[in-house]
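Data first, discussion second: the structure below is written as structure tokens.
The values are calculated or read from the model by the stated rules, or taken from the named source; none is laboratory data. For clarity, every value in this text was computed on a predicted model and none was experimentally measured. Methodologically, a virtual Cβ is constructed for each residue, glycine included, from the backbone with ideal geometry; neighbour enumeration extends over all protein chains shown. For accessibility, only protein heavy atoms count, side chains too; no ligands or nucleic acids. Shrake-Rupley method; radii C 1.70, N 1.55, O 1.52, S 1.80 Å.
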Amino acid sequence: MKNAPIGVFDSGLGGLTAVRELRNVLPNENIIYFGDTGRVPYGTRSEATIKRYAMQDAKFLLKHNVKMIIAACGTVSSVAVNLKHDLPIPFTGVVSPTCFAAAKATKSKKIGVIGTSATINSHSYRDLIKQFDSEIEVIEQDCPLFVPLVENGFIDKDDMIVRLVIERYMAKIKDAGADTVILGCTHYPIIKDAISSVMGNDITLIDSGKETAIYAAKILKENDLLNDSADNGTSEFYVSDTPEGFETIASVFLGENVSHKVEQINIELY
Ligand code: DGL
């Protein structure tokens, strides 16, 4: 079991932000990634649909005998909150590790949270931050155009379209004087440089993919499930639509060529 892969899923490219960090913290772990590119975005869908998709994604990973599942998706973590109870192996979403890091980071006690509409409407991040510290003010903003921008390769910080969209969405949080902003959707760290350049260097951006990868390593350790092989881990990528666009952006983001390592599957079979 120790040498079984870790399963990571998201609606598309976003969960790669967790994969990149997993590689840093646990370089000898094997990873199986599923990006539901045929049904992205999740964040504008109903609760029932998001829960059904999340269960199918998890079942696909279970078929690969993974030892742990990471829902590297803010939307699934916020909406399909009971998923962990339906799984026979350790599981984490992104909300609690991210809130913990943000509550620790803020000095002004003002935290901005950005995410998909489903995530923001669930108030998942706000409610958990308030449990950590009820005095923290949380300013929430949904950013429905960010996921389509990222999935279509609009990720350059100097691209005017990217900057204009960010400026529009971030205005409320900037005006409120938040010193910490949670990137509550795992797609957003892919445009972190652009968000940072609009917000300024004084603002701490909390990367949900990164915090979750660090937390997942802790869970594996606690469950005595860390891979004991000395070899570098492998990764396999699966998507529910054609691999081409995914391969290009994934290769740039992960800093390695993943072409020919991405396979298309039919998620409706799960
Ligand atoms: N990366 C997903 C998240 O963290 C994107 C959701 C979507 O597909 O809208 O919320």
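Rounded to the nearest 10 square angstrom, Leu128 shows an accessible area of 40 square angstrom against a 1.4 Å probe. Expressed as a whole percent, the accessible surface of region 128-270 that belongs to carbon and sulfur atoms is 47, based on a 1.4 Å probe.
Placing a label point 7 Å from the Cα of Asp158 along the Cα-to-Cβ direction, the residues of region 179-204 whose backbone N falls under 20 Å from that point are 190-201. Compared with the dominant principal axis of the Cα atoms in the chain, helix 95-105 is inclined by about 40°. Each residue of region 229-246 was assigned a 3J(HN,Hα) from its phi angle through the Karplus expression (A = 6.51, B = -1.76, C = 1.60, θ = phi - 60°), giving 6, 8, 7, 5, x, 9, 9, 10, 10, 10, 9, 9, 9, 4, x, 3, x, 4 Hz with x at Gly and Pro. Cα axis of helix 208-222 to longest principal axis of the chain: angle in degrees, 0 to 90, nearest 10? Long axis of 208-222 versus the principal axis of the chain: about 50 degrees. Amide H contacts for Ala72 (H built 1.01 Å from N in the peptide plane; partners 5 or more residues away or on another chain; cut-off under 5 Å): Phe9. Separation of region 1-39 and region 214-270, taken as the distance between their Cα centroids, equals 4 angstrom. What region 81-225 shows is 46 Å² of accessible area per residue, with the surface traced by a 1.4 Å probe over protein heavy atoms. Distances between placed amide hydrogens fall under 5 Å for Ile182 paired with Gly112, Val113, Ile114, Ile206, all partners being 5 or more residues away or on another chain.
For region 95-245, the fraction of alpha-carbon pairs lying more than 18 Å apart is 61 percent, rounded to a whole number.
Take each peptide in 7-19, 208-220, 112-124, 75-87, count the other Cβ atoms within 10 Å of every residue, and average; sorted highest first, the result is 7-19, 112-124, 208-220, 75-87. The angle separating the long axis of helix 160-176 from the principal Cα axis of greatest extent in the chain is about 60 degrees.
Pairs over the 31 Å Cα-Cα cut-off, from the set Lys59/Lys174; Lys59/Lys261; Lys51/Lys107; Lys84/Lys130; Lys107/Lys218: Lys59/Lys174; Lys51/Lys107.
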